[in-house]
Amino acid sequence: VQLQASGGGSVQPGGSLRLSCAGSGVRFILNTIDWYRQPPGREREYVARITSGGDTMFADSVKGRFTLSKNNIKNTMTLQMNDLRPEDTAVYYCHVKLFGTDWWGQGTQVTVSS
């Protein structure tokens with residue numbers, strides 16, 4: 001299983017970024033895929049989730065600002081982040097749990113700063 005995250009960068013507060021996660025060895029149509037993030041000096045935290053059926057769930061801290069979608073044919077997932085805030089600064093990881101094993105992408109840095 002491999003998860004490849006991309007799309008991070010630097011943006012000013014109020015700006016937008018789009019993160020993508022591409023999977024191999026795992027079928028997004030059959031599994032729940034998550035985004036987590038790790039802010040500087042803090043523990044990794046849950047951000048959002050999309051189920052095999054396409055239902056989405058979000059942490060309260062990003063609800064209403066982030067959206068999540070996936071393309072089951074391309075086996076990709078997209079996290080659209082709007083109205084970004086300095087507290088969104090973190091390394092973002094995509095994640096899937098298969099048969100009790102956690103698989104993580106390599107992470108992509110998001111920096112929100114004026």
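For a straight C-alpha distance cut-off of 19 angstrom, the aspartates and glutamates reachable from Lys74 (same-chain residues fewer than eight places away being disregarded) are Asp34, Asp55. Under the criterion of Cα pairs below 8 Å and six or more residues apart, the relative contact order for the chain equals 37 percent. The H on the amide N of Val47, modeled in the peptide plane, is under 5 Å from the matching H of Trp35, Tyr36, Arg37, each at least 5 residues off or on a different chain. I want the local charge near Ala5. Using Cβ-Cβ distances under 12 Å, sum +1 for each Lys or Arg and -1 for each Asp or Glu among the other residues. Charge balance in the 12 Å sphere: +1. Basic side chains Lys and Arg get +1 at the Cβ, acidic Asp and Glu get -1 at the Cβ, and with that the dipole of segment 34-104 about its Cα centre reaches some 180 debye.
State which stretch of the chain is the longest one without any exposed trypsin sites (Lys or Arg not before Pro), exposure meaning a DSSP loop state and at most 10 other Cβ atoms within 10 Å. The reported range is 64-114.
Applying the Karplus relation 6.51 cos²θ - 1.76 cosθ + 1.60 with θ = phi - 60° to segment 23-36 yields 3J(HN,Hα) values of x, 9, x, 9, 9, 4, 5, 10, 9, 7, 10, 10, 10, 10 Hz, where x marks Gly and Pro. Counting Lys and Arg as +1 and Asp and Glu as -1 over every other residue whose Cβ lies under 10 Å from the Cβ of Gln38, the net charge comes to +1. Evaluating 6.51 cos²θ - 1.76 cosθ + 1.60 at θ = phi - 60° for every residue in segment 55-67, the Karplus couplings come out as 6, 10, 9, 9, 5, 4, 5, 10, 4, x, 10, 10, 10 Hz, glycine and proline recorded as x. For segment 20-74, the relative contact order works out to 29 percent when only alpha carbon pairs closer than 8 Å and six or more residues apart are counted. The distance from the alpha carbon centre of segment 1-46 to that of segment 56-72 is 11 Å, rounded to a whole number. Summing charges over all other residues whose Cβ lies under 10 Å from the Cβ of Phe28, with Lys and Arg as +1 and Asp and Glu as -1, gives +3.
All of the numbers you see were taken from the coordinates with simple rules; none came from a lab. Given the structure is predicted, the values throughout are model-derived calculations rather than measurements. Positions of Cβ are backbone-derived with ideal geometry, glycine not excepted, and every protein chain shown enters the neighbour counts.
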